[in-house]
Every structure is written in C-alpha cells, then in structure tokens.
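One structure is given below, encoded as structure tokens.
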C-alpha cells in the first residue's frame, strides 16, 4: 500500500516537472493531461528545438527563481535598542501653538501636562496657551494633547417644550504644529535669553 502511494507521489512530481518544462517550451496542453501524453509532447518539442536554447531558457528561469526566493533577513531589534529608539522619538521637541477651547479653563494662561508609560517613563512640562512664537513640547505630550477632549453642556427643548441640558465632547485644545526653528532663529533666541539672564 505504501509503495503505491510513493509511486503516485513520484508520478505527480514528474507530472508537475513536465508541466513546468512544457510551459518553458511554450507547449499548450490540457490541465488534466496524463503523464505519458505530456512526456511525448515534451520529447517531441525538445527534438525539434536545439538543446542550447533549452539550456539557456532553463538557466534564465533558474536565475529569476533564485532572485525571488532569496529571503531578506532583517536583524531583530533588541529590547534596549527599541527602548532607546522610543525614548528618543517621545522626547523629540515639537514646536506648537496651542489654544485652549475648554470653557471651564478660559482664564488659564497655561497648564502642566504629565504623560508616562512603562517604556519611555514620565514626561512633565508646562504649556503656555496662545504663545505667539510657539512653545516646544515633547512629542509624546503633543500626541496626548491632540487626543484630549472636554465635555460642554448646551440647552435644547425636548418634545414637550421643556428645556433639557445635554452634554457633548469637543476637542479641548486647538493645536497648530509649527515648523522647527531655523539656525538663525535659534541664535537670535539664545542671544535674547542671554541678555535677559534666563538661562541657568
């Protein structure tokens, strides 16, 4: 019983190989062609075609097959390298101008924001609202600010004409991401801060 299965597998492999060879030679055949008929067609075509052309076509196809099969090995990132990369990305300073749209905080000049997670640690910064020149904040805090929402209430009349208070969520902050400072602007800022003795 096992010998019959092995013969069947060998015949199937030979049939697959012959179908590939027939495809290379441009021989048309029915998908369910038998092994013997396909073998006869391939042999007849090979006798008509010079052997060098067949070798060249087989060699070309082997080269393209190697190019397709060659796997790209990617070096895995270590835990430490991943953490360093994520901390660097999270701490990258982004220049923003932020307007507070929360009606409960409309009198506030600024606020302190703290963001943390288990990988990058804790970032805590003061944010001045409506700063004309912008304000530099770590990237992780900017992402957090973009997601912040607050609840505002409004009054509507229901079907009976009674006034009902409803709440809805709105974005708490309007964030405008500004381009980074140019080297000349950085030099001017450093000069102004030095003249005002604002640098420790």
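Once every Cα of region 79-195 carries one equal point scatterer and solvent is ignored, give the base-10 log of I(q)/I(0) from the Debye formula at q = 0.18 Å⁻¹, two decimals.
Computed log10 I(q)/I(0) values: -1.01.
Could you please state, rounded to a whole Å, how far the C-alpha centre of region 92-126 is from the C-alpha centre of region 144-176?
Centre-to-centre distance over Cα atoms comes out at 21 Å.
Just so you know, all these numbers are worked out from the coordinates, no wet-lab data involved. Note that the coordinates shown come from a computational prediction; the quantities given were computed from them, not determined experimentally.
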